[in-house]
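J.: Here it is, the structure, as structure tokens.
The values are calculated or read from the model by the stated rules, or taken from the named source; none is laboratory data. As the structure is a computational prediction, the values presented were derived from the model and not from experiment. Quick reminder, even Gly has a Cβ in these numbers, built from the backbone with ideal geometry, and neighbours come from all protein chains shown.
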Amino acid sequence: MLKRLSPILLPLALVLVAETWVRLAGVPVYLVPPPSAVAGRLLSDPVFFAGHAARTLLGALLGLGLGVGVALPLGAAMAHSPGLERTLLPLAILTKVTPVVALAPLFVIWFGFGWAPTVLIVALFTFFPVLVGAIAGLRSVDAGALAFLGSVAASPAEVFWKLRAPSALPHLFAALRVALPLALIGAVVAEWLGSDRGLGHVVGAAHTRLDLPTLAAAVVVLATLGAFLTALLARAERRALFWQP
Amino acid sequence: MRATQTARAIADPDSAPATPAVRAHSLRMSYDRGQGQWLPVLDGVDLTVATGKLVALVGPSGCGKSTLLRILAGLQAPTAGDVALDGQPPEAARRAKAVGLVLQEHALLPWRTAVENVRLGLEVNQRAGSARAPDELARDTLALVGLAGFEGYYPHQLSGGMRQRVALARALVLRPRLLLLDEPFASLDDLTRGELGQELLRLWATTGATALLVTHSVAEAVMLADRVLVLTPRPATVAAEVRIDLPRPRPPDVEGTADFAHHVGEVKRLLRGEVASQPA
């Protein structure tokens, strides 16, 4: 019992300390909201937070889908052709080293308020780790298995689907573990700067009003969302990679 | 299959007029190391394996044995020289799935069960497909290597010896005319190694395939082979040949006989001699 509870003991203690400190020291709510006020704000309007959370979740997942959808075929092509890799990798690295956040205002000008900037920013955030994972994964094939398939004249497509793609899965899951938090960050930033919906927008709007209970509540929802998605991914990974030692 | 076994009984490797299962003539192989530098690996290898025979290749490590096997399997082309398998280029044998390749590391696909691994060679390149259902054939072949009942096990659930049996089955299920074995038992402990050697002898005798076995173990070569070819250090040539005239079948206790010790000593002497004559 204690073992199962131990991971949440420290956060619980911190919440208690914060609550006590804020009350005893009389810290104003526009500086540090007491946890009870944050919880109260959450419970007073769950539909409000759920609606914005759904928007953020969908934006993050659509963007991640786009990023993965572009990175996978491109990674496959680059893993296949070193020449193509040399040509395209600098451009791909550019998406990694550019603080994509700086592009957000530009995307808002180009694509307007709404889905498009969010999805595109998230796709740019998540594209690079998935690309690198795909290239590394598709190249990390067992030389013996490759030789065996060669000895029975397997076609390149057969080698890809029967050997390379499954061999790439561990690398791809590692890449997704990196990309998933990035997707949430990207969605929040994009919504903050270029949307009137989503938790990122809630955080931005609450900030201008100094409405710290709402801001903190949105952060709590985001953290929950992140934890939930990470747990879901870990579960999918364990299932897909059951064969890993 | 019966025809091959008859052929084995009457064919003499030195005077056989029939087309040999393997014939390699002055094979040369060099690897480009860049900047005009070439690393010679094979330096004019000649070898002939008569149909139905089991021939072992021994040589110092890194001498190019594996490269030789890759060339025979049609996985890479030699820099110079010819190869013919049953009188055909290796490429034709490869397309017909006539070569069964077994490697040192079992090289099984970890996400496939034993039976799915055995089926792998049947699934690809279907032009040369078999009439029988792949699953049925794979099951029978697993039973043949002593793994009936383990069809649904994944490689990580099997012991090293069992994994290597699955790898053997994956090659045998193709009904290959030629088995190419690249140190197949090198990663196993001594006891398992001996067991699998006996298993290989049994399978080779029942299938009638020709087999070429690369090994580090002189005792293993003498135990299994009709002829042992001794290679020089890199760049490799065939330095000598030892005919092993121990009678078959060869149960494990053959190892204790004077004839066996004599052959082992001879092969070891040839190996040492070549190593010693190599300039440092």
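J.: Could you say whether any residue in segment B:186-204 is among the hydrophobic types (A, V, I, L, M, F, W, C) and within 14 Å of chain A (Cβ to nearest Cβ)?
T.: Checked segment B:186-204: at least one residue is among the hydrophobic types (A, V, I, L, M, F, W, C) and within 14 Å of chain A (Cβ to nearest Cβ).
J.: Now a separate question. Out of (1) of a type in the set (Ser, Thr, Tyr); (2) assigned to a helix (DSSP H, G or I); (3) touching a helix residue (DSSP H, G or I) at 6+ places or on another chain (Cβ under 8 Å); (4) more than 30 Å from A:Leu172 (Cβ to Cβ), what's the single condition that is false for A:Thr20?
T.: So A:Thr20 meets the others, but not (3).
J.: Moving on to the next point. Quick check on my filter: what residues within segment B:242-262 are surrounded by 14 or more Cβ atoms within 10 Å (Cβ to Cβ) and over 20 Å from B:Leu200 (Cα atoms)?
T.: The one that is surrounded by 14 or more Cβ atoms within 10 Å (Cβ to Cβ) and over 20 Å from B:Leu200 (Cα atoms): B:Val242.
J.: While we're looking at this one, here's another question. Among B:Arg139, B:Arg112, which is the only one that is closer than 17 Å to A:Phe242 by Cβ, of a type in the set (Lys, Arg) and either modelled with pLDDT under 95 or not assigned by TED's automatic domain parsing to the domain that holds B:Thr207 (or both)?
T.: Just one listed residue meets the conditions, B:Arg112.
J.: Is it the case that B:Val166 is crowded, with 19+ Cβ neighbours inside 10 Å, touching a strand residue (DSSP E or B) at 6+ places or on another chain (Cβ under 8 Å) and assigned to a helix (DSSP H, G or I)?
T.: Against the criterion (crowded, with 19+ Cβ neighbours inside 10 Å, touching a strand residue (DSSP E or B) at 6+ places or on another chain (Cβ under 8 Å) and assigned to a helix (DSSP H, G or I)), B:Val166 does not qualify.
J.: I'm trying to understand the selection: among the residues of segment A:54-73, which are surrounded by fewer than 19 Cβ atoms within 10 Å (Cβ to Cβ) and small (Gly, Ala, Ser)?
T.: Result: A:Ala54, A:Gly65, A:Gly69.
J.: Okay, moving on. Does B:Lys65 count as of a type in the set (D, E, K, R), surrounded by 22 or more Cβ atoms within 10 Å (Cβ to Cβ) and in contact with a Pro (Cβ under 9 Å, 6 or more places away or on another chain)?
T.: For B:Lys65, the condition - of a type in the set (D, E, K, R), surrounded by 22 or more Cβ atoms within 10 Å (Cβ to Cβ) and in contact with a Pro (Cβ under 9 Å, 6 or more places away or on another chain) - is not met.
J.: What pairs come up if the first residue lies in segment A:153-164 and is part of a loop (DSSP other than H, G, I, E, B), the second is of a type in the set (A, V, I, L, M, F, W, C), and their beta carbons are under 9 Å apart, counting only those six or more places apart or on different chains?
T.: Note: pairs meeting the criteria are A:Ala153/B:Ala96; A:Ala153/B:Val124; A:Ala153/B:Ala128; A:Ala154/A:Phe148; A:Ala154/A:Leu163; A:Ala154/B:Leu120; A:Ala154/B:Val124; A:Ser155/B:Val124.
J.: If you check A:Ala102 against the conditions, is it more than 14 Å from chain B (Cβ to nearest Cβ) and not acidic (Asp, Glu)?
T.: In short, yes.
J.: Looking at segment A:108-148 only, could you name the residues that are assigned to a helix (DSSP H, G or I), within 14 Å of another protein chain (Cβ to nearest Cβ) and among the small types (Gly, Ala, Ser)?
T.: A:Gly137, A:Ala143, A:Gly144, A:Ala145, A:Ala147 - these are the residues of segment A:108-148 that are assigned to a helix (DSSP H, G or I), within 14 Å of another protein chain (Cβ to nearest Cβ) and among the small types (Gly, Ala, Ser).
J.: Can you tell me which residue is nearest to A:Ile8 (Cα to Cα) among those in segment A:200-228 that are touching a residue at least 60 places away in the same chain (Cβ under 8 Å) and under 18 Å from the mean Cα position of the chain (by Cα)?
T.: A:Val220
J.: On to the next question. Looking at segment B:144-157, which of its residues are in contact (Cβ under 8 Å) with a residue 24 or more places away in the chain and either within 12 Å of another protein chain (Cβ to nearest Cβ) or basic (Lys, Arg) (or both)?
T.: Listed by number, the residues that qualify are B:Tyr153, B:Tyr154, B:Pro155, B:His156.
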